[in-house]
Each structure stands twice: as structure tokens, then as C-alpha cells.
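Notes for the one structure printed next.
The values are calculated or read from the model by the stated rules, or taken from the named source; none is laboratory data. No experiment lies behind these values; they were computed from the predicted model shown. Counting neighbours? That spans all protein chains shown, and the Cβs are built from the backbone with ideal geometry, glycine included.
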Amino acid sequence: MNKLLKSIINALEYRWAKSSEQRYTNWLRGKGCRIGNNVRWHGLRDVSVDVTRPSLIEIGNNVTFTRGCTILTHGADWHVLRNIFNEVIASSGKVRIGNNIFIGTYSIILKGVCIGDNCIIGAGAVVTKDIPAGSVVAGNPARIICSIDEYYRKRKSLYIDEAKSYARSIKENLGRHPVPADFWEEFPLFLKAGETLDGAPHSVKYQLGQSYDKFIKTHKPNYGSFEDFVKDADN
């Protein structure tokens, strides 16, 4: 097979792989990457995974990548050294991403990095060194800004006010009354266990994933009803 034909076939295979999340995962596995279950690729067209050395990539379970994320297993900075010292000094390193990880928009994970379990990587972060489990990181270069437990407490203290602000914006900017389906991520505030969100882009069960059964058994909403929530938002 000549180089041109092989190049065309590879390009078509890559385009086909990028047509769905599962196809892309399977394509990466076929290349030699180790990838666990429930790995999501949002904004897949803009995601870039370096498969020049696919055996150096390991991704665990329940990992979410968002638009523009990049994983690098090698560097090409040796081109500068070559032109000075007349040597090719290769640069590569394993990237290991643990379980239950969220990687924010346009984050870059450089070669030789290990990200422990239960981490959040903020949008635009450039991860240049290992991240311990249970960390929230952001920045360029990425640094730890808090633990996952601290982040949980912070989000719990803020998300009700954020949801109320969203409800007010629907009235002010869209000129209509909010409906439950608008709050397809904020549903725990008002939805009783077992209830559904008609018209929402994702079902409650889909949103909760493996936590659904526990939610059904233990959840107590912050408000008695959706209208109680909207009234509070108006105050």
C-alpha cells in the first residue's frame, strides 16, 4: 500500500472515529491506549489525543473530557536542540489519568503527568506535573486551589443562589415563566425522589448515573415544589 493511499485511509478512519464518543474511545483503544468505562468526550471535534505513542496513555473510569482538551505524550522541542547540537534527543512520557475525573475546556495535559482519582481540572489549565488524588487544580501552570471536599462545600453554599439567579434571568431575558425542564441540572432543589422532568434534555436517571438508587432512597428536596423555588427566586 503506497503512502498516499495509507494516508487517505487513516484520515477517513480518524474522521469516522470522531463522529461519536464511543467510536473515538474504541479507535484510541485500537491504537493501544488503555481506557476504562464511561469515558465521555464533549466537543469531540476539538479534542486532541497524542497517539504517536498510544501505549503511554492510560485513562480510568468515569472521566469527562470537554471541548479543546489536549493530551500530549511527547514533545518536539528537540528540533531546536538538533539545529544547535546536531542530535535528535527524543522527549516522551506516560500520561495516566485516574478514575472520576473532570477535565475542563481547553485544558492541556503534558507528557509524564499522573492525575490521581477524584480530581477536577479547571478550564484552560496546563497540567505540567503530577496531581494528587482528591484535588481541584487550575491555572497555567496548573496548581492546586483546594481539595475536592473543600470544593464540594463551596459549591453547596453557592448553587442555590446561582439557580435562583438563573430563574430570574429566564423571566427578564426570555420573557416567560421558568419551567422545571429549564433546571435539568438543578432538579435536586425541588424534585422529589421518583419524579421526572418532562421535556428536559437528559433524564434524572441519566444525570445521576450510579448515584440514582441512593438518590431515590435518601433525597429530600430543598423546596416543597418547583413553584416554591420560583417564588423564592423572585424575593
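Quick notes on this structure:
- Close pairs from the stretch 95-117: first modelled with pLDDT of 95 or more, partner charged (D, E, K, R), Cβ under 6 Å, at least 6 apart: R96/E58; G98/D117; N99/D117; N100/D117; T105/R67; C114/R96; C114/D130
- Filtered residues of the stretch 167-190 (kept if in contact with a Leu (Cβ under 7 Å, 6 or more places away or on another chain) and outside any helix (DSSP H, G or I)): W184
- Residues located in the stretch 1-24, provided they are within 18 Å of F65 (Cα to Cα) and in contact with a Lys or Arg (Cβ under 9 Å, 6 or more places away or on another chain): A17, K18, E21, Y24
- The residue of the stretch 139-189 that is nearest to N99 (Cα to Cα), among those that are small (G, A, S) and over 20 Å from the mean Cα position of the chain (by Cα), is S157.
- All positions within the stretch 43-80 that are in a strand (DSSP E or B) and in contact (Cβ under 8 Å) with a residue 24 or more places away in the chain: I57, E58, I59, V63, T64, F65, T70, I71, H74, G75
- Any hit, the stretch 26-40, residues being more than 18 Å from G122 (Cβ to Cβ) and loosely packed, with under 11 Cβ neighbours inside 10 Å: yes
- Pick from the stretch 106-140, criterion over 19 Å from N62 (Cα atoms) and among the polar types (S, T, N, Q), ranking: surrounded by the most Cβ atoms within 10 Å (Cβ to Cβ): T128
- Of the candidates K164, K154, K205, K217, the single residue that is under 25 Å from N62 (Cα atoms), assigned to a helix (DSSP H, G or I), in contact (Cβ under 8 Å) with a residue 24 or more places away in the chain and not small (G, A, S) is K217.
- Any hit, the stretch 6-20, residues being part of a helix (DSSP H, G or I), surrounded by 15 or more Cβ atoms within 10 Å (Cβ to Cβ) and of a type in the set (G, A, S): yes
- No other residue among D149, D234 is on the phi < 0 side of the Ramachandran plot, in contact (Cβ under 8 Å) with a residue 24 or more places away in the chain and either among the acidic types (D, E) or out of contact with any helix residue (DSSP H, G or I) (no Cβ under 7 Å at 6 or more places or on another chain) (or both) apart from D234.
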